[in-house]
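Note sheet for the following structure.
The values are calculated or read from the model by the stated rules, or taken from the named source; none is laboratory data. This one's a predicted model, so the numbers in the text were calculated from it and none came from an experiment. We place every Cβ from the backbone using ideal geometry, glycine too, and count neighbours over all the protein chains shown. Quick note on the areas: whole protein, heavy atoms, side chains included, nothing else; ligands and nucleic acids left out. Shrake-Rupley method; radii C 1.70, N 1.55, O 1.52, S 1.80 Å.
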Amino acid sequence: ELSQHAEEQQAKIREQDKSLNTAYYVFGTASELKEQKILSGGFLKSTKLMAETFNKEYFLQIDIREVTQIPLYTTKAKLWSNHPEGTYEFQEASNGNLTFHVTDTQRFWSLTKFLIIEVK
């Protein structure tokens, strides 16, 4: 019985660890992000992040301990989600395409577990 209890505790700890280290990201054009209700506005209205209504199913799930770089396959990008200054950077490859790089994982994900990048 003690062995079974220890096994259940280990499973619970593994699940909590996974949950604590899970985050979500998405990148897309302004129109794609608006279609998924992640951004709103445009033409005569300023563009805004729609944190309350966005389609969470559209995001990709990652383990923040393993993923610190995301290739964006474009030459221009804008970060929309709220993350502390100095915890990330856009790095340009030799072909001109950008890669999003998290430089301080713990601080970067401290405000939100959702990363939103608009590509142009």
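Kindly provide the helix-only [θ] at 222 nm of the chain, computed as the sum of -39,500 (n - 2.57) over DSSP H runs of four or more divided by all residues, to the nearest 500 deg cm²/dmol?
Dividing the helical sum by the residues of the chain leaves -7000 deg cm²/dmol.
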Task: Table column - 3J(HN,Hα) (Hz), the range 74-85, Karplus curve with 6.51, -1.76, 1.60, x for Gly and Pro - done: 7, 9, 9, 8, 9, 7, 9, 6, 8, 9, x, 4
Open item on the list: Give me, ordered by chain and number, the residues 5 or more places off Leu115 or on other chains with an amide H under 5 Å from its own placed amide H.
Closed with: Tyr24, Tyr25, Val26
- [ ] Calculate how many DSSP beta bridges within the chain are antiparallel, expressed in % of all such bridges and rounded to the nearest 5.
- [x] 80 percent
Task: Solvent-accessible area, 1.4 Å probe, carbon plus sulfur percent, for the chain - done: 49 percent
Task: Count, lysine Cα pairs under 19 Å in the chain, 8 or more residues apart or across chains - done: 25
Task: Pair-distance profile P(r), taking every C-alpha pair of the chain, with 5 angstrom steps and integer % - done: 2, 10, 18, 18, 18, 12, 7, 5, 4, 3, 2, 1, 0, 0
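Find, among the chymotrypsin sites (Phe, Trp or Tyr not before Pro) in the range 1-110, those assigned to loop by DSSP (not H, G, I, E, B) with at most 13 other beta-carbon atoms within 10 angstrom.
Passing both the DSSP loop test and the Cβ count: Phe43, Tyr73.
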- [ ] Over the chain, calculate the relative contact order: mean separation of alpha carbon pairs under 8 Å at least 6 apart, over the residue count, as a percent.
- [x] 30 percent
Open item on the list: Give me, ordered by chain and number, the residues 5 or more places off Thr29 or on other chains with an amide H under 5 Å from its own placed amide H.
Closed with: Val119
TODO: Once you've got the GNM for the chain with C-alpha springs shorter than 10 Å, pick whichever of Val26, Val67, Val102 has the biggest mean-square fluctuation.
DONE: Val67
Task: Spin-label zone in the range 62-86 - amide nitrogen under 11 Å from a point set 7 Å from the Cα of Ser94 along the C-beta vector - done: none
Open item on the list: For the range 49-113, which GluC sites (Glu not before Pro) pass both filters: DSSP loop (anything but H, G, I, E, B) and at most 15 other C-beta atoms within 10 Å?
Closed with: Glu52, Glu66, Glu85
Open item on the list: How tilted is helix 2-20 with respect to the longest principal axis of the chain? Cα atoms for both, answer in degrees (0 to 90, nearest 10).
Closed with: 10 degrees
